[in-house]
Amino acid sequence: MTVAQTAYGKVRGTPIADGVVTWRGIPYARPPTGGLRLRPPEPPARWAGVREATAWGTRALQPEPEPEPGLPPMDEDCLYLTVTAPAGAASRPVLFWIHGGGYETGHGADQAGDGAAFAASHGLVVVTFNYRLGALGFLDVEGERPTGALGLHDQIAALHWTRANIANFGGDPAQITVYGLSAGGKTVTNLLASPLTKGVIRRAAESSGGDHLKSRQQAQTLAGRFFRELGTTPERIRAVPARDILDAQMAIATPPRSSWIWRPSIDGTALTAHPVAAIADGAAAGIPLLAQTCSRECAYYALLAPDAAEQADRVLEEYFGAQARDKLLAAYAANHPDLDEGSLRVAVMSDERYVVRTGRLTDAQSAHAPVWRSRYDGPYTGASEDPALAPSEKLLDGAHGADGRGVWQGGEGLSGQLHDAWGAFVTTGDPGWARYTTDGREAMIFASPGGYPASDPFADVREAWAGLDWQPGPWWSFESAR
């Protein structure tokens, strides 16, 4: 059966592998164009007959120096999702994937593909989707509410669509696991904290997540710079061409130096408090969490932008002052005597961006639900097949995103172990190693040739950053974000 009923009409999918069916390009909201630009998503229009769901939905507008062959086109009209399921499935666990890309690039199929590997190996029903990115998803418009987190509203709308419709595709709406990597991982933290997701999420997993929001001051400064680049006022934001909005966004900065500029704000609706604080107060009580970081996260950014390490001293001084900065760098030098100055600062960057904040998240949630923590030290899965990454494959061991392809596609060695651990977590709620608590702080280390358990492998990082609190900004200095 390839025809499924949704609340808005019927869709016809297509078999893509032995015993696996996919439905692509299903609208989960109305096109966010015209008067709906920078507004919360609204339910899609109903349709008559059977809608052919065989082509990927259009990607969100995003910086793209050269179009990649085979990718769907970009458009402001981008709120589409894909469902992949075992043929004949009934009441199977659901894996809801939030793609990464720094809230400014990416689409639902990134790393996950169509989800067929999990459908075949663990009988999962997989949902992937696109959401608004960059300024169209995360610009704060003065005088409007909610504002600054419309992309998060899209993510929540896709999650509620899944809850309401997934049974007709063979999924169990009471068994939805949300999983994301990078910005998608940080989204998982936001979803756990959001008052709009109560009762929808059964389990949660994230890779290289934690949290990362704009402060009110950062939001105002960014919006001011954006409207200067756009050459118009907030009142006219719905009258300008969408391409002009993207061009103004790119005039501020382009990847990789635009990383972490665009991110959600606490908008009073989707987010009403700082996510980790809300989670510490029990916002996600009872939801098991699996959280993984990579050992050399920002080696990826250092490869893309050779001046990445040079930013560390300035960033740390802006956060903490010169004295605290020097104390922190001295702790890293003592803990990593084998690293040169540049590599040491990449380690600082990795921990500031991902590891410390993930640790504080897992500490917070472990008081309210089972938590598992892991670290990926292995090779960058899939790098050999990516022309952009293949020449530097060995430099990317344990780098940001190195685990994603393995989790999704499986295979031999570490990739198979990652895939099976995630599959076990989605189906049983246990990835297969000791739980993380603030007493033992157990974790799994995924390293070649195979994973092994470790007790408190993040101790040095936690102790170096103890007592430090800060409002994250982008890593590179721009008027737009400071």
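The values are calculated or read from the model by the stated rules, or taken from the named source; none is laboratory data. Quantities reported herein were computed from a predicted structural model and do not represent experimental measurements. Glycine also receives a Cβ, built like all others from the backbone with ideal geometry; neighbour counts cover every protein chain displayed. When the accessible area is computed, the model is the full protein with side chains, heavy atoms only, and any ligands, DNA or RNA have been set aside. Shrake-Rupley method; radii C 1.70, N 1.55, O 1.52, S 1.80 Å.
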Out of I156, I176, which single residue is assigned to a helix (DSSP H, G or I) and crowded, with 22+ Cβ neighbours inside 10 Å?
I156
May I ask you to list pairs of residues, at least six apart or on different chains, whose Cβ atoms are under 6 Å apart, with the first in the stretch 403-419 being under 13 Å from Y179 (Cβ atoms) and touching a residue at least 12 places away in the same chain (Cβ under 8 Å) and the second being part of a helix (DSSP H, G or I) and of a type in the set (F, W, Y)?
V407/W422
Looking at the stretch 66-83, is at least one residue more than 27 Å from K198 (Cβ to Cβ), touching a residue at least 40 places away in the same chain (Cβ under 8 Å) and crowded, with 24+ Cβ neighbours inside 10 Å?
no
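Limited to the stretch 264-281, what total is found for residues that are in contact with a strand residue (DSSP E or B) (Cβ under 8 Å, 6 or more places away or on another chain) and among the small types (G, A, S)?
Adding up the residues that qualify gives 1.
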Is there a residue in the stretch 87-95 that is at pLDDT 95 or above, surrounded by fewer than 24 Cβ atoms within 10 Å (Cβ to Cβ), over 25 Å from R12 (Cβ atoms) and not polar (S, T, N, Q)?
no
Unique match (being within 20 Å of I287 (Cα to Cα) and not polar (S, T, N, Q)) among E393, E385, E442, E412
E442
For the stretch 266-318, what are the residues that are among the charged types (D, E, K, R), within 20 Å of G398 (Cα to Cα) and open to solvent by less than 20 Å² (accessible area, probe 1.4 Å)?
E297
Scan the stretch 232-265 for residues that are in a loop (DSSP other than H, G, I, E, B), among the small types (G, A, S) and either in contact (Cβ under 8 Å) with a residue 40 or more places away in the chain or open to solvent by less than 10 Å² (accessible area, probe 1.4 Å) (or both) and jot them down.
A253, S258, S259
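Residue-wise test of (1) modelled with pLDDT under 95; (2) open to solvent by 50 Å² or more (accessible area, probe 1.4 Å); (3) of a type in the set (K, R).
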site	(1), (2), (3)
R30	no, yes, yes
P41	no, no, no
R46	no, yes, yes
V50	no, yes, no
W56	no, yes, no
Q62	no, no, no
Name the pairs whose Cβ atoms lie under 8 Å apart, with the first residue in the stretch 307-319 and touching a residue at least 40 places away in the same chain (Cβ under 8 Å), the second among the acidic types (D, E), and 6 or more positions between them or separate chains?
A309/E341; V315/E352
